[in-house]
Amino acid sequence: MSVLVTPRDAVVAVRRKIDQKWAEAVCAGLGVGDQVVFSVPLRPSVSTGKAVERLGHAAWHEWHMQWREFAGRLPTGVELVRKAVTIRGVAGDFPATLIADLDGAVSLMADTRTGAEPLAVDIDRARTLASALRSAGAILTPATLRAVCRLPAVDMEVLVSAVTWLRRHPDAGTWTLRQLPVPGMHTKWLDTHGALLRDVAGRDVRGEVRPRLTVMHLTYVDPDHTASGRRRHDAWTTGDVHDIAYRPRVVLVVENRDSRLWFPPVRDTIVVEGGGKAAASLLANVPWIRAADHVVYWGDIDADGYTILDRFRAALAEPTPDGAPPKPVTSILMDATDLHHYSEHGVNHDKAGRPIKPSPANLPHLTEAESIAYDTIATAGSTPFRRIEQEAIPLTHAAARLLQILKSQGPAIDQLD
């Protein structure tokens with residue numbers, strides 16, 4: 001390969017440097033960081049007449065003519081630096097380095113005669129976004145600017161609105177996440193962009209807000225309790241004075257209301273409605289769940305069900321803030337054997353008739369048997385079905401499996417009443 005860089009090669013090199021450093025250059029234009037110059041050596045290691053002779057005078061002359069023609073149409077902000085070379089006793093100034101500031105580099109890319117490919121980022125838009133962030137009092141860095149430029153326009157507007165609101169409200173502790181009165185912002189926006197908001201605002205509002213109290217619905221299935229005529233269905237709220245009717249040895253978390261409401265009698269057991277993907281955060285720190293001898297999860301055989309199980313198991317594998325030890329979580333009716341046993345209930349469409357999509361998520365907290373079932377229904381390839389809903393499995397089967405699991409793990413639990 002020749003050590004002489006042609007104008008076309010230099011343009012390609014400048015474009016590559018813009019891709020790497022555009023955010024730093026935009027930030028520098030607003031006084032954040034050092035100025036950025038895009039520089040391309042045009043004849044590295046060729047600084048003497050002998051080096052030119054080794055290349056050949058014909059190649060050197062052709063290269064020089066290319067740059068003479070190209071230099072005549074360089075845009076403002078792009079400079080061709082020349083340095084002297086003595087060839088056959090005659091000294092002359094020849095192109096040595098192409099230097100450009102951001103505006104010049106962008107103009108160079110916009111010249112169709114250079115053959116440059118379009119830039120991957122709109123520099124004008126990046127400057128507008130950077131200015132908007134600075135005006136809102138945001139912390140501007142090249143990393144945050146890159147992340148912001150990837151946002152759709154509507155999310156960018158919410159981000160600026162959130163930064164502005166946070167600057168005006170130094171204490172967000174009187175609101176929950178769902179109550180934050182930031183125009184255009186919802187909790188799902190924070191789920192996706194909370195870390196970016198933290199970086200540009202310099203505050204993590206997710207840690208400042210008032211925590212939502214855990215409210216869960218439960219059903220008492222201990223036969224002695226139900227025979228007493230006391231209430232069978234209840235609700236429990238963190239910090240309330242109301243307590244549960246009895247301390248369970250077994251807590252079964254289910255995902256569907258019907259499965260909770262009509263679960264058969266099992267001694268010393270409470271059935272809790274999990275609340276979907278929020279189950280991990282809602283239930284992980286409930287004291288009487290942690291205190292139970294056995295925590296068991298039963299959900300749909302689908303990607304969401306296994307994701308909930310994975311998160312729930314991971315959450316209970318960590319000690320609580322008040323020092324309660326980790327708690328293992330067992331599943332029922334969610335392994336590969338169950339997948340095949342209840343396959344007649346498998347479906348490929350959701351309740352709205354839409355095809356259920358595969359899931360690429362890696363779930364490291366599943367057992368081997370659970371992972372086989374998850375991989376089967378979540379694969380991007382063909383599969384007989386993608387979901388078996390919990391309600392399709394008889395509750396008597398679930399109760400029998402619960403007893404079977406519990407008896408294999410420790411002190412015997414009395415049989416179904």
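Overview of results
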{"item": "Test for Thr192: is it more than 26 Å from Ala71 (Cα to Cα), out of contact with any strand residue (DSSP E or B) (no Cβ under 7 Å at 6 or more places or on another chain), among the hydroxyl-bearing types (Ser, Thr, Tyr) and surrounded by fewer than 13 Cβ atoms within 10 Å (Cβ to Cβ)", "result": "yes"}
{"item": "Residue that is nearest to the chain's Cα centre (by Cα), among those in region 341-358 that are at pLDDT 95 or above and small (Gly, Ala, Ser)", "result": "Gly346"}
{"item": "Candidate set from region 50-94 (those that are open to solvent by 60 Å² or more (accessible area, probe 1.4 Å) and assigned to a strand (DSSP E or B)); member that is nearest to Gly104 (Cα to Cα)", "result": "Glu79"}
{"item": "So Leu406, is it among the aliphatic types (A, V, I, L, M), assigned to a helix (DSSP H, G or I), over 25 Å from the mean Cα position of the chain (by Cα) and at pLDDT below 95", "result": "yes"}
{"item": "Any hit, region 320-329, residues being open to solvent by less than 50 Å² (accessible area, probe 1.4 Å), polar (S, T, N, Q) and either touching a Phe, Trp or Tyr at 6+ places or on another chain (Cβ under 9 Å) or closer than 22 Å to Arg212 by Cβ (or both)", "result": "yes"}
{"item": "Test: residue in region 208-219 that is within 27 Å of Met334 (Cβ to Cβ), modelled with pLDDT under 90 and of a type outside the set (A, V, I, L, M)", "result": "yes"}
{"item": "Options Val182, Val158; residue that is of a type in the set (Val, Ile, Thr), on the phi < 0 side of the Ramachandran plot, open to solvent by less than 30 Å² (accessible area, probe 1.4 Å) and in a loop (DSSP other than H, G, I, E, B)", "result": "Val182"}
{"item": "Top-ranked residue in region 195-215 [being within 30 Å of Arg249 (Cα to Cα) and open to solvent by 20 Å² or more (accessible area, probe 1.4 Å); ranked as farthest from the chain's Cα centre (by Cα)]", "result": "Val215"}
{"item": "Members of region 216-232 that are assigned to a strand (DSSP E or B) and open to solvent by 70 Å² or more (accessible area, probe 1.4 Å)", "result": "His217"}
{"item": "Residue within region 129-137 that is open to solvent by 60 Å² or more (accessible area, probe 1.4 Å) and not polar (S, T, N, Q) present", "result": "yes"}
{"item": "Output for region 263-292, where each listed residue is open to solvent by 10 Å² or more (accessible area, probe 1.4 Å) and over 18 Å from Ala314 (Cα atoms)", "result": "Pro264, Pro265, Arg267, Asp268, Glu273"}
{"item": "Arg247 being within 24 Å of Ser331 (Cβ to Cβ) and in a helix (DSSP H, G or I)", "result": "no"}
{"item": "Val14 open to solvent by less than 50 Å² (accessible area, probe 1.4 Å), within 30 Å of Ser131 (Cβ to Cβ) and not small (Gly, Ala, Ser)", "result": "yes"}
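Residue by residue, here is whether (1) farther than 24 Å from Val221 by Cβ; (2) open to solvent by 80 Å² or more (accessible area, probe 1.4 Å); (3) not hydroxyl-bearing (Ser, Thr, Tyr) holds:
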| site | (1), (2), (3) |
| --- | --- |
| Leu333 | no, no, yes |
| Ala336 | yes, no, yes |
| His349 | yes, yes, yes |
| Arg354 | yes, yes, yes |
| Leu403 | no, no, yes |
| Lys407 | no, yes, yes |
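Each row is one residue, and each column tells you yes or no for (1) without any contact (Cβ under 8 Å) to a residue 60 or more places away in the chain; (2) part of a helix (DSSP H, G or I); (3) not basic (Lys, Arg).
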residue: Arg260; (1), (2), (3): yes, yes, no
residue: Val266; (1), (2), (3): no, no, yes
residue: Val271; (1), (2), (3): yes, no, yes
residue: Ala279; (1), (2), (3): yes, yes, yes
residue: Tyr297; (1), (2), (3): yes, no, yes
residue: Pro321; (1), (2), (3): yes, no, yes
residue: Thr337; (1), (2), (3): yes, yes, yes
residue: Ser359; (1), (2), (3): yes, no, yes
residue: Ile372; (1), (2), (3): yes, yes, yes
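The values are calculated or read from the model by the stated rules, or taken from the named source; none is laboratory data. Just so it is clear, the structure is predicted and the values come from calculations on it, not from any experiment. Reconstructed Cβ throughout: ideal geometry from the backbone, glycine too, with neighbour counts over all protein chains shown. Protein only, heavy atoms only, side chains kept; ligands, DNA and RNA dropped before computing areas. Shrake-Rupley method; radii C 1.70, N 1.55, O 1.52, S 1.80 Å.
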